[in-house]
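For reference, the structure is listed below as structure tokens.
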Amino acid sequence: MRISFASEQGQGRANEDRVCAGGDWALVIDGATAVPGVDSGCRHGVSWMVDRLCGALAAELSAERPAPLADCLAAAIAAVGRAHGGECDLENPDSPSAAVALARPEPSGGAARGAARRVEYLVLADCTVLLAEDGAEPTAVTDDRVDHLPGGRPYSAELVRANRNAEGGFWVAGAVPEAAYRAVTGVSRRAGAPFALMTDGCARLAAYYGHSWRGIWRRLEAEGPESLVSWVRAEERDHGVPGGKLHDDATAAVGVFGPAAARPPR
Ligand SMILES: [Zn+2]
């Protein structure tokens, strides 16, 4: 495999994005910013939580016989829950949570040894997976259920709390392992498809500034993930942000799994 990544802190006190890759997997995590003045019920905080989730996912994805992606995420969420210890109130609707995107080659299922395999992915909450399939436009996959809560925007804090990890609402990696089974999952059409993972701080290029996924992919392919983050920052400075933080934590990973014959992303 080849993979490269970049992650840049936004305006918070710490970067609460994480990016990590192993021999045949890659992930990004975007910790949900704590609401100022709200008791989360957790004495650890978001950075602690995303570090633990990253470590637990790395362990699951690197297991000798890795489980299905949703099982890996469910086990990692459960492990982080145990790591909080007994003093944190994980029933608190403001307890730390995160969005997650995972990618790896799908299980070989009898494919010839060394043959390129399709890319399987999992997205929970507002991270994005990009897949460079055959054809001009890459496929972008995200989980936008938080954008479709009952009644529409603007949301009250109560509405968001009531719909977090709830039937008909939106699902995040927090205290509920069940959320892993509500993630968006799929497989690339093309074996050995180059892919990218990004947090919503980078996906702003499409969501806020109207850039096509084709243009975003081209930039990633030609100039790498650092260039994508610089592009986001330039757009934010030049055009502002429609509500919310001017600079969010922004993370992008780009890569390809499989044999050397596959075209590298750069
Ligand atoms: Zn805690």
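The values are calculated or read from the model by the stated rules, or taken from the named source; none is laboratory data. Predicted model only: the values in this text are computed from it and were never measured. Virtual Cβ from ideal backbone geometry, glycine too; neighbours counted across all protein chains shown. Protein only, heavy atoms only, side chains kept; ligands, DNA and RNA dropped before computing areas. Shrake-Rupley method; radii C 1.70, N 1.55, O 1.52, S 1.80 Å.
Quick one: Ala21 ticks every box in (1) more than 18 Å from Asp200 (Cβ to Cβ); (2) of a type in the set (A, V, I, L, M, F, W, C); (3) open to solvent by 60 Å² or more (accessible area, probe 1.4 Å) bar one, so which box is it?
The failed condition is (3).
Testing Tyr155 on (1) within 26 Å of Asn15 (Cα to Cα); (2) touching a residue at least 24 places away in the same chain (Cβ under 8 Å), one condition comes back false. Which one is that?
Tyr155 satisfies all of (1) within 26 Å of Asn15 (Cα to Cα); (2) touching a residue at least 24 places away in the same chain (Cβ under 8 Å) except (2).
Being buried (at least 20 other Cβ atoms within 10 Å of the Cβ), among the small types (Gly, Ala, Ser) and part of a loop (DSSP other than H, G, I, E, B) is the filter here; which residues of segment 42-95 pass it?
Ser95
Among the residues of segment 34-68, which ones are of a type in the set (Lys, Arg) and under 19 Å from the mean Cα position of the chain (by Cα)? Step through it out loud before you land on a result.
Filtering segment 34-68 down to residues of a type in the set (Lys, Arg) leaves 43, 52, 65.
Within segment 34-68, Arg52 is the sole residue that qualifies.
Is it the case that Val176 is free of Cβ contacts under 8 Å to residues at least 60 places away in the same chain, of a type in the set (Val, Ile, Thr) and at negative phi? Even if it seems obvious, please write down each step before you answer.
On the way: free of Cβ contacts under 8 Å to residues at least 60 places away in the same chain: no; of a type in the set (Val, Ile, Thr): yes; at negative phi: yes.
Against the criterion (free of Cβ contacts under 8 Å to residues at least 60 places away in the same chain, of a type in the set (Val, Ile, Thr) and at negative phi), Val176 does not qualify.
Pairs under 7 Å by beta carbon, first residue within 25 Å of Cys20 (Cβ to Cβ) in segment 198-224, partner part of a helix (DSSP H, G or I) and open to solvent by 30 Å² or more (accessible area, probe 1.4 Å), six or more apart or different chains?
Leu205/Trp231; Ala206/Trp213; Arg219/Trp231
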